[in-house]
Amino acid sequence: AWGRKVLDKVITQKSGFFDYISCEDVVMADRGFNIADDLAVCGAHLTIPASTRGEKQLEIEKSRQLAYLRIL
């Protein structure tokens, strides 16, 4: 069991998640889930869907496409 103050990043590191990440993989996470450095060590990349508030239509469409990938 994890204490209330354990960061998501620490749980992700301890879970063995990064053992399944390959070079050039792209991992999608919510804003604030700061694992980009850990992914870079694995040769992978982090993508975070942007908020649509105040964004241009093209940026909104890209966010929708990323959100669709998350569902699959």
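For the stretch 1-31, a tally of residues being at pLDDT 90 or above and assigned to a loop (DSSP other than H, G, I, E, B) returns 6.
Beta carbons closer than 6 Å, at least 6 apart along the sequence or on distinct chains, never pair a first residue in the stretch 11-33 that is of a type in the set (S, T, N, Q) with a second that is part of a helix (DSSP H, G or I).
The values are calculated or read from the model by the stated rules, or taken from the named source; none is laboratory data. Keep in mind that what you see is a predicted model, and the values were worked out from it rather than measured. Positions of Cβ are generated from backbone atoms using ideal geometry, with glycine treated the same way; all protein chains shown enter the neighbour counts.
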